[in-house]
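Input: a single structure, listed below in structure tokens.
The values are calculated or read from the model by the stated rules, or taken from the named source; none is laboratory data. Everything numeric in this text was worked out from a predicted model, so none of it was measured. All Cβ positions, glycine included, derive from the backbone under ideal geometry; neighbour counts span all protein chains shown. Accessible surface is based on the protein model in full, side chains and every heavy atom, while ligands, DNA and RNA are left aside. Shrake-Rupley method; radii C 1.70, N 1.55, O 1.52, S 1.80 Å.
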Amino acid sequence: HDALRRLADIADVFLVHNRPLVRPVDGSVVRIIAGTPVTLRRARGYAPAPVSIEHGSEHSVVAMGGHLKNTAALTMGHRIVVTQHIGDLETPEARDAAGAAIASLRDLYRITPEAAACDMHPDYASTRAARDSGLPVYPVQHHHAHIVACMAEYGLEGPVLGVSWDGTGYGDDGTVWGGEFLTATETAYQRVAALRPFPLPGGEQAMREPRRSALGLLYALDGGRQPLDKIAVRLGESVFRERELRVLDAWLRRHGDQVLTTSAGRLFDAAASLLDLRQYAGYEGQAAMALEAEAATETAEPPLYPMRLQTEHRPAWLDWGPLVEGLLAERDNGAARPTLCRAFHRSLADGVRQVAEWAGFETVCLGGGCFQNALLTEFIVEMLTRQGFAVYYPQRIPPNDGGLALGQACCVLRRLSITSQKEESCALPFQVKS
């Protein structure tokens, strides 16, 4: 009935059946990465198969997941059941579907949760649903949840070095995170390093326009010393109009040191713009996908543009400056774009290697939407494995925000299970301020 109503102006013919849809489930999406299947959308054929966890509990938690690619989760003993992919919670219909999926699991397994886990972002629809549930609410930092989801899949207790790279996540300092290195257990994390921050001109609009991320990157690289029209020359003459640059110049000089991000996703967007692959994005991840697709056409070993690890900062910075300068210099010298795209991926992977060797943890867990990128993941796994690290990346649970609910559930369940003073004293604080 929903299809007949919503698609009446699009479809000429409907092929239907007379069986009621009790539980709508999308098609699953799986990709081969480093020789193994990685689930990008966990739905038909996979959900709601439970995930077994090492530490069971008599407590029960409902985890609300994130705002995009939403799933929810319900804990019971040594198992966590994650719902099918629900999608982005932008519409009332999607939010109703999320509530119905949670209610369905509660009825199916006869579980009454005693606590709700959610993202730290105060404006996510899933966070509001947790607050409205009437249960005690436990926020979990976005990137910590990504890493704990990977740990849960492999039964790891930690501590591990977590590499959590995605487009955006609410940091515990109120800024936009997305290129994070965390030392993590299920109950605690510490932000030991991050990609060098840069401003996002226009804030959220930069997520839809890679050219804005590139402009913010160049502004940070220049240190704001030159007028913006001089900085924007490195992007090309037709990327911004003169009036746009005047407005953005005023915005950057007023907000450039406030609206900062460490996002690896925005760094990918910026590279796609600098190499003239995408200046605008029609959908999430389009620029990064174009960068990966271009890199895949090059098979030769690409050059390496070293990233600089600056440990005098707290957290340490993995500085993309030398990488961006190297790409621009080679671009201006006429280097082939596929070679530059592949070099970008390999250089980022080498940056991860630098942080891993500096941090000194033998076990590395990857998490976040950037690890849907097969080339980036394979470069990182290859480099770290060669150096003797044990590297884990999500396979059965999506590396993207579809895995957040599992990580949130594990974090809160473990916290509720810690009762003795001895265990409390051995753990880091649940959320560590950077």
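The calculated FRET efficiency for the pair Val137 and Asn333, based on their C-beta separation and a Förster distance of 60 Å, comes to about 0.65. Each residue, Val247 and Gln310, gets one label point 7 Å from its Cα in the Cβ direction; the gap between the two is 3.1 nm. Among the protein heavy atoms of segment 272-395, carbon and sulfur supply 49% of the accessible surface, probe 1.4 Å, non-protein parts ignored. Under the simplified labelling scheme, the Thr175-Arg6 pair shows an inter-label distance of 3.9 nm, with each label point 7 Å from Cα along Cα→Cβ. Rounded to the nearest 500, the 222 nm mean residue ellipticity of the chain from helices alone is -11500 deg cm²/dmol, with -39,500 (n - 2.57) taken per DSSP H run of at least 4 residues. Ordering Thr75, Ile86, Leu105 by the projection of their Cα atoms onto the charge dipole of segment 69-108, which places +1 on the Cβ of Lys and Arg and -1 on the Cβ of Asp and Glu, puts Thr75 at the extreme positive end.
Report, to the nearest whole %, how much of the accessible area of segment 61-213 belongs to carbon and sulfur atoms, 1.4 Å probe, protein only. Working shown, then result.
Numbers: 2460 of 4980 Å².
C and S atoms contribute 49 percent here.
Can you compute the label reach from Arg79? Point 7 Å from Cα along the Cβ direction, backbone N cut-off under 19 Å, restricted to segment 7-29. Within reach of a label on Arg79: 23.
Taking all Cα pairs closer than 8 Å and separated by 6 or more residues, the relative contact order of the chain comes to 22 percent. Residues of the chain were split at every exposed loop site, defined as GluC sites (Glu not before Pro) in a DSSP loop with at most 10 other C-beta atoms within 10 angstrom, and the longest piece left, sites excluded, is 59-236. Each residue of segment 182-199 was assigned a 3J(HN,Hα) from its phi angle through the Karplus curve 6.51 cos²θ - 1.76 cosθ + 1.60 (θ = phi - 60°); the sequence is 10, 8, 9, 10, 5, 9, 8, 8, 9, 7, 8, 7, 7, 4, 4, x, 8, x Hz, with glycine and proline shown as x.
May I ask you to give the solvent-accessible area per residue for the chain, in square angstrom, as obtained with a 1.4 angstrom probe?
Values: 19490 Å² over 434 residues.
Heavy-atom SASA per residue in the chain reads 45 Å².
Where in the chain is the longest stretch that carries no trypsin sites (Lys or Arg not before Pro) classed as loop by DSSP and with at most 10 other Cβ atoms within 10 Å? Intermediate values should be presented prior to the final figure.
Values: sites that count: Arg110, Arg225, Arg241, Lys433.
Longest run free of exposed loop sites: 242-432.
On full extension, the segment bounded by Arg396 and Gln258 gains 45.9 nm, given 0.36 nm per residue less the C-alpha separation. Between the labelled values (i) 90, 58, 46; (ii) 65, 64, 44; (iii) 63, 56, 42, the entry that holds Cα extents along the principal axes in Å as derived from this structure is (ii).
The simple Förster model, with R0 at 30 Å and r as the Cβ-Cβ distance, assigns Arg110 and Val29 a FRET efficiency of 0.45.
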